[in-house]
1. Of the residues in segment 84-107, how many are at pLDDT 90 or above and in a strand (DSSP E or B)?
2. I'm checking my understanding of the structure. Among residues of segment 20-58 that are part of a strand (DSSP E or B) and not hydrophobic (A, V, I, L, M, F, W, C), which one is farthest from I75 (Cα to Cα)?
3. Among the residues in segment 13-36, are any touching a Phe, Trp or Tyr at 6+ places or on another chain (Cβ under 9 Å) and closer than 30 Å to R81 by Cα?
4. Considering every residue within segment 112-134, establish whether at least one is in a loop (DSSP other than H, G, I, E, B), within 41 Å of the chain's Cα centre (by Cα) and modelled with pLDDT of 80 or more.
Amino acid sequence: MSERKVLTKYFPPDFDPSKITRSRAPKQAGPKVQTVRLMAPFPMKCTACGEYIYKGRKFNARKETTEEKYYAISIYRFYIRCTRCSGEITFKTDPKNMDYECERGAKRNTEPWRMNGGGKQESDEERLDRLEREEEEKNAMQELETKTLDAKREMAVADALDEIRTRNARNERIGKDGGDVTVTRESLDDERKRQEQEDEEAARMAFMRRHEALEEIIDDGEDMDVDNAHEATAAPPLTKEEALEMPPPSFKRVVKKKKDSGALLGIKKKPALVVDYDSD
């Protein structure tokens, strides 16, 4: 394989370097144009056929250097073709807003820097107002917390009003009965505590009475069971003669006969068919 980067050149024998002259063509009139490969910088819609061109689609475009400048930054214009109808679409750079501006042949879908104010130069006060509005819109959690606190405050106020109404109604009822109308909060608390103590005492007494009743029932049942057991186990006493006539106890080991469990398991034994005559 030959070397890709050749350092030496071939010169034919009849080569005459004096015949090589430098030719100067006239400069190209108009703006400088060159062919470049680029991607669509923003989503757009073709005005001729309605084709949507997404952001990032690749095109072979013509790049033109315009005479317009933003301060010392040159502005460039690009020419591309629609992928469906081959209509010409032009857009140029916008260094002021650090974006691109669609000029002809297509319509941009979204223009974020134009959404607030229509591309007009806003003053400092307008900018501050816009930032404050955006901050309020973004801070949704703080708004939710504020609503929650307001709801809690309203509930507390409603509870306080209900308590005041209840207290006033109680005072009116006591006044109609002929008692003292001026009932303080301390007296109401004392009355509530007294009621609670009376309820606790009544519950304790009821529990003690029920416990005593259960103990009486249990004692009566135990006495009856003991009496029945004594009556069942009681036997007539033995006389001396009966005791002497009883056989003496035997400590001889007695082998118990095993119980046939075949019947329990459902096993039936057939009778023997062979008769043993020798035994007779």
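1. 14
2. My answer is Y52.
3. Yes, segment 13-36 contains at least one residue that is touching a Phe, Trp or Tyr at 6+ places or on another chain (Cβ under 9 Å) and closer than 30 Å to R81 by Cα.
4. Taking segment 112-134 as the starting set, the residues that turn out to be in a loop (DSSP other than H, G, I, E, B) are 115-123.
Then keep just the ones that are within 41 Å of the chain's Cα centre (by Cα); that gives 115-118.
Those left that are additionally modelled with pLDDT of 80 or more: none.
Within segment 112-134 (the criterion being in a loop (DSSP other than H, G, I, E, B), within 41 Å of the chain's Cα centre (by Cα) and modelled with pLDDT of 80 or more), the answer is no, since none of the residues qualifies.
The values are calculated or read from the model by the stated rules, or taken from the named source; none is laboratory data. Since this is a predicted model, take the numbers as computed values, not measurements. Please note: Cβ atoms are built from the backbone with ideal geometry, for glycine as well, and neighbour counts cover all protein chains shown.
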